[in-house]
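Worksheet: one structure, shown below.
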Amino acid sequence: MPTPESVPLAITDTGLPRYSYLSSKIVGEQLCLSYGKAHDFPVRIVRYHNVYGPRMGYDHVIPQFIQRVLEGHDPFSIYGAYQTRAFCYVDDAVNATIQVMRVSTMESVTVNIGNDQEELQIIDLAHKLFRVAGVSPELAIYAPPPGSPERRCPDISQLQKLTSYQAQVSLEQGLQRTYAWYRNAWERQVQQEREEARV
C-alpha cells in the first residue's frame with residue numbers, strides 16, 4: 001500500500017455481496033485484454049480510485065455524507081471511521097483518462113487513476129465536510145461493513161510515468177463543489193415536493 005497495478009487480482013470471499021463489483025471489474029478487464037490481443041490492437045485500462053463529484057448518485061461515501069448533512073442527521077453515523085481513503089475529484093479523473101487514451105505506445109496499458117496526495121481517515125473526511133456545510137453534529141461511530149479494507153490508496157506512479165498527470169483539485173475544493181451541487185439539487189427537490197403538496 002499504496003496499491004500498484006501489478007498486485008494480483010483476487011476475490012477473498014465470494015459470499016460477500018460487495019465483491020460482485022470487484023468480480024465484474026476483473027472479468028471486464030480480462031475480456032478487453034483478450035479481445036485486444038485477438039484483434040491485434042492495444043487496450044487502455046484505467047482503474048479509478050474513489051472518484052467523486054456532482055451527479056454521482058448516492059451510492060458513495062461522499063454523497064451519502066452530504067445527504068445526511070442536508071437531512072440534518074444528529075447524531076451523524078459513520079461506519080469505519082478510522083479506515084483511510086484517498087479521493088479523486090472527477091475533473092482530475094477525466095483529465096487523467098484522456099491522457100491515458102493518448103499514450104502512444106502500442107502495448108496494452110493498465111493504470112490506476114486517483115489522487116494519492118490527501119489520504120485521510122473517514123472521520124476526518126466527515127469533519128472536512130462539516131466545515132464546508134457549516135454544521136457540527138455529534139458523531140455515532142460504528143464498525144465498518146464486512147469486507148471493507150482498512151486502507152485504500154492508489155499507486156499512481158505508472159500513470160505519472162506515462163503522462164503528465166498531476167491532480168489539480170484539492171479535497172477541500174472538491175468537497176465545496178460537490179456539496180454545492182447536491183445542496184442545490186436537494187433544495188430544488190424540496191421546493192418541488194412543496195409545490196406538489198399544494199396542488
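The values are calculated or read from the model by the stated rules, or taken from the named source; none is laboratory data. Source: prediction; values computed, not measured. Cβ placement follows ideal geometry from the backbone for every residue including glycine, while neighbour counts extend to all protein chains displayed.
What the table shows:
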{"read-out": "Only one of ILE26, ILE11, ILE113 that is at pLDDT 95 or above and either on the phi < 0 side of the Ramachandran plot or touching a helix residue (DSSP H, G or I) at 6+ places or on another chain (Cβ under 9 Å) (or both)", "value": "ILE113"}
{"read-out": "Tally of residues being more than 22 Å from PRO154 (Cα to Cα) and in a loop (DSSP other than H, G, I, E, B) across segment 14-53", "value": "8"}
{"read-out": "Residue satisfying condition, being of a type in the set (D, E, K, R), at pLDDT 95 or above, touching an Asp or Glu at 6+ places or on another chain (Cβ under 8 Å) and surrounded by 13 or more Cβ atoms within 10 Å (Cβ to Cβ), within set ARG68, ARG85", "value": "ARG85"}
{"read-out": "Single residue of segment 163-184 satisfying the filter (part of a helix (DSSP H, G or I) and without any contact (Cβ under 8 Å) to a residue 40 or more places away in the chain) that is surrounded by the fewest Cβ atoms within 10 Å (Cβ to Cβ)", "value": "ASN184"}
{"read-out": "Near pairs, Cβ below 6 angstrom, 6+ apart or cross-chain, from segment 63-90 (over 16 Å from GLY53 (Cα atoms)) to any residue that is of a type in the set (Ser, Thr, Tyr)", "value": "TYR79/TYR142; GLY80/SER148"}
{"read-out": "Selection within segment 98-116 - surrounded by 14 or more Cβ atoms within 10 Å (Cβ to Cβ) and closer than 23 Å to ALA167 by Cβ", "value": "GLN99, VAL100, VAL103, VAL109, THR110, VAL111, ASN112, ILE113, GLY114, ASN115, ASP116"}
{"read-out": "Hits in segment 120-149 - residues which are touching a residue at least 60 places away in the same chain (Cβ under 8 Å), crowded, with 16+ Cβ neighbours inside 10 Å and under 19 Å from ASN50 (Cβ atoms)", "value": "ILE122, LEU125, ALA126, LEU129"}
{"read-out": "Segment 150-162, residues that are crowded, with 16+ Cβ neighbours inside 10 Å and within 16 Å of the chain's Cα centre (by Cα)", "value": "ARG152, CYS153, PRO154, ASP155, ILE156"}
{"read-out": "Checking LYS25 against (1) under 30 Å from LEU139 (Cβ atoms); (2) under 17 Å from the mean Cα position of the chain (by Cα); (3) surrounded by fewer than 17 Cβ atoms within 10 Å (Cβ to Cβ); (4) of a type outside the set (Phe, Trp, Tyr), the condition it does not meet", "value": "(1)"}
